[in-house]
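Taken together, the values in this text are just the output of simple stated rules run on the coordinates, not laboratory data. Note that the coordinates shown come from a computational prediction; the quantities given were computed from them, not determined experimentally. In this analysis, Cβ positions are derived from the backbone assuming ideal geometry, glycine residues included, and neighbour counts consider all displayed protein chains.
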Amino acid sequence: MGTYLNPDSRAYEIASNSEIFVDKSEMLSYLNSVINTNQRYVCVLRPRRFGKTIAADMICAYYDRKADSRRLFERCRISLINDSGLPWDKYLCKYDVIRVVMTDFFKKGISIEAALDRLQKLIVRDLARAYPEVDFFDRNDLLQSLQDVYAEKKTQFVIVIDEWDAIFREYKEDKEGQKKYLDFLRDCMKDKTYIALAYMTGILPIKKYGKHSALNMFDEYSMTQPMRLASYTGFTVEEVKALCDEYEMDYRGISDWYDGYCVSDFIPVSKRKLYRLGKYEEHRIRVYSPLSVVNAMRSGVIENYWNETENYEALQQYVDWNFDGLKEDVAILMNGGRVPIDITGYQNDMTTFHSKEDILTMFIHLGYLGYQRETKEVFIPNKEVLDVFKSSTKNREWTVTFQALKNSRKLLEATWNCDQVTVADLLEKAHDKAGNKTYHSEAGLSYAVQLAYYAAQDLYTIIPELDTGKGYVDLAFIPKKPDLPAMLIELKYEKDADTAIAQIHRQKYPDRLELYKGNLILVGINYDRSVSNDSIEFKHHSCEIEKA
């Protein structure tokens with residue numbers, strides 16, 4: 001037994017002896033099924049407080065050949081419920097386990113090179129103590145030392161790395177150091193026959209450079225795509241209900257405060273035809289924040305148990321930064337709405353952002369947003385997380401943002417009600433926020449109108465310059481729900497709103513949305529920029545609305 005090599009089962013025993021222990025040992029059945037296969041590289045990505053460390057302790061306890069773990073696991077679910085087709089104890093205590101917690105090495109004030117050097121020396125020291133008869137070529141080289149042990153002893157390793165992404169949080173700007181770290185991990189693990197299983201945990205997905213993953217041998221089981229490990233992401237509904245019964249807690253209250261994360265499990269082959277027909281949804285699993293549930297059960301009080309860690313600071317920092325108009329989306333989310341995003345552009349770090357969608361994707365991985373894969377939308381999952389957002393948006397600047405959201409919802413309702421006066425008034429106020437240099441441009445007006453309707457993005461897909469075949473309508477609002485009307489908006493300068501409506505009919509724009517006939521709203525908006533600034537009509541907007 002060493003510090004890093006075969007650390008024994010004590011940590012998992014302590015967890016299992018705790019007052020509240022939710023047994024997730026069935027997860028080992030899946031890991032057993034990928035031992036010594038191309039799928040043996042597993043990277044589990046979860047927010048803080050979601051049980052990553054306990055799972056890593058469990059894996060060490062199960063595979064460690066020096067641990068006496070049979071009695072421990074005989075009372076666990078893996079020995080009772082095992083669907084893998086393999087004996088539950090086939091790999092019990094069969095491997096050398098190397099356990100590394102990266103936050104122990106990568107700390108402020110220590111260079112990445114020094115941290116990697118220390119990590120290698122300490123692990124090789126454990127190897128040398130366990131295998132004194134092995135002729136180690138270079139005790140400063142972990143890769144070579146692992147190969148030396150395997151060549152002489154034919155023993156394989158289970159590598160368990162906790163907090164694998166610590167370097168991307170502690171050394172955010174050190175791109176070269178990050179690449180050296182990734183190269184080190186790749187060289188030690190990729191295509192190495194001495195590895196039976198490699199298991200990493202972290203918050204952030206594996207770093208990408210461009211469109212490619214630096215460690216492409218790993219399958220990533222994340223909050224956006226947990227696959228076969230979905231039910232081990234957090235506490236399931238059944239597990240939480242059982243705890244509520246045991247501790248006499250109100251399940252509805254617990255659900256409101258800590259539920260809301262929706263993850264997708266794999267779809268069984270026998271159910272895939274039904275899934276394609278929209279008749280199978282059992283792969284969708286609701287999970288709860290484990291630490292918060294445990295704290296509520298132990299205290300008997302349902303409240304916010306979120307720890308104000310570095311991630312809380314990151315939330316406040318990035319929201320206040322307001323990259324690409326992020327504040328408006330956050331206001332919608334805090335009002336119970338959903339925001340569509342594309343998660344594919346995110347570079348999996350905390351510094352490289354090309355759009356607000358990248359920041360929202362990071363929030364998913366930090367646990368501040370839920371993600372529905374089918375609709376590609378994010379949302380605030382529960383009251384506990386909403387409390388954190390409220391704490392991050394208390395300054396005076398947010399009063400303006402929330403008032404804008406209120407006006408935006410009022411504008412949307414006025415449009416549905418064909419209230420032309422209110423629509424014109426609210427659009428005029430929104431346009432007034434444009435700077436003098438951009439106020440009189442067509443792009444400025446279009447942007448102002450889109451911003452004024454930003455609350456609609458929760459309910460509509462908004463398409464600027466929709467090609468109708470006979471022209472381009474300025475803005476098209478395609479409803480996400482069948483009971484909502486579609487909307488077409490045409491903008492004009494120095495003419496009148498009637499002219500805008502006439503163009504919609506003349507160019508037959510509604511034909512492009514024929515499916516919405518009878519549930520379509522046409523909006524014409526005009527702004528006369530030639531009016532003198534001493535006229536009562538200066539910067540005045542007019543509006544015509546009709547149903548089609």
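Restricting to the chain, compute how many DSSP beta bridges are antiparallel as a %, nearest 5.
55
Could you give the length gained on full extension between residue 320 and residue 190, defined as 0.36 nm per residue of separation minus the Cα-Cα distance, in nm?
That works out to 42.8 nm of additional length.
Fewest Cβ neighbours within 10 Å first, please rank 540, 283, 365 accordingly.
540, 283, 365
Just checking my list (1) 79, 52, 48; (2) 189, 105, 67; (3) 95, 51, 45 against Cα extents along the principal axes in Å computed from this structure; which label fits?
Computed from these coordinates, Cα extents along the principal axes in Å corresponds to label (3).
Give the distance, in whole Å, between the Cα centre of segment 209-288 and the Cα centre of segment 118-143.
Result: 40 Å between the Cα centres.
Would you list which aspartates and glutamates come within 14 Å of residue 66, measuring only between C-alpha atoms, while excluding same-chain residues fewer than 8 positions from it?
Correct list for residue 66: 8, 96, 126.
In segment 10-221, what % of DSSP beta bridges are antiparallel (nearest 5)?
10
Sort 96-104, 16-24, 384-392 by the packing proxy (mean of other Cβ within 10 Å over each peptide's residues), most packed first.
Most protected by this proxy first, the peptides run 96-104, 384-392, 16-24.
Dipole size in debye (nearest 20) for the chain around its Cα centre, Lys and Arg Cβ +1, Asp and Glu Cβ -1?
Roughly 1140 debye for the chain.
Within segment 454-488, whose backbone N sits under 15 Å from a point 7 Å along Cα→Cβ of residue 519?
459-461, 477-488
Give the aspartates and glutamates whose C-alpha is closer than 15 Å to that of residue 241, dropping any in the same chain fewer than 8 places away, or say none.
Counting by Cα, and skipping residues close in sequence, residue 241 has these aspartates and glutamates nearby: 23, 250, 256, 259.
Students often check this: by mean Cβ neighbours within 10 Å, which of 144-151, 491-498 ranks highest, and how do the rest follow?
144-151, 491-498
Quick check on the chain: helices-only [θ] at 222 nm, where DSSP H runs of length 4 and up contribute -39,500 (n - 2.57) each and the sum goes over total residues. Nearest 500, please.
Calculated mean residue ellipticity at 222 nm is -12000 deg cm²/dmol.
From the backbone phi of segment 410-416, what are the Karplus-calculated ³J(HN,Hα) couplings (6.51 cos²θ - 1.76 cosθ + 1.60, θ = phi - 60°) in whole Hz, Gly and Pro given as x?
Along segment 410-416, the couplings run 5, 5, 5, 5, 5, 5, 4 Hz.
Which cross-chain or sequence-distant (5 or more) residues have an amide H under 5 Å from the amide H of residue 156, H modelled 1.01 Å from N in plane?
96
Calculate the spin-label point distance for residue 399 paired with residue 151, positioning each point 7 Å from the Cα along the beta-carbon direction, and give it in nanometres.
Placing both labels 7 Å beyond Cα along the Cβ direction yields 7.2 nm.
Give me the one-decimal nm value for the distance between modelled label points at residue 225 and residue 298, 7 Å along each residue's Cα-to-Cβ direction.
About 3.6 nm separates the two model spin labels.
For residue 180, give me every one of the lysines with a C-alpha distance below 18 angstrom, ignoring sequence neighbours fewer than eight places off in its own chain.
Cα-Cα hits under 18 Å: 107, 108, 121, 172, 190, 207, 208.
Placing +1 at every Lys and Arg Cβ and -1 at every Asp and Glu Cβ, with all other atoms neutral, what dipole size does segment 310-394 have around its Cα centre, in debye to the nearest 20?
280
Among 120, 36, 232, flag the residue with its Cα farthest along the positive direction of the charge dipole of the chain, charges on Cβ as +1 for Lys/Arg and -1 for Asp/Glu.
36
Only counting other Cβ atoms within 10 Å, I'd like 237, 294, 473 sorted with the fewest neighbours first.
If I rank by nearby Cβ atoms, fewest first, I get 237, 294, 473.
Between segment 370-384 and segment 317-347, how far is it from one alpha carbon centroid to the other, in angstrom?
Rounded to whole Å, the Cα centres lie 12 Å apart.
Among 128-141, 503-516, what's the highest-first ranking by average C-beta atoms within 10 angstrom per residue?
My ranking of the peptides, most packed first, is 503-516, 128-141.
Could you calculate the FRET efficiency of residue 256 with residue 71 from 1/(1 + (r/R0)^6), where r is the beta carbon distance between them and R0 is 45 Å, rounded to 0.05?
Efficiency for this residue pair is about 0.65.
Mind sorting 164, 398 by how few other Cβ atoms lie within 10 Å of their own Cβ, fewest first?
398, 164
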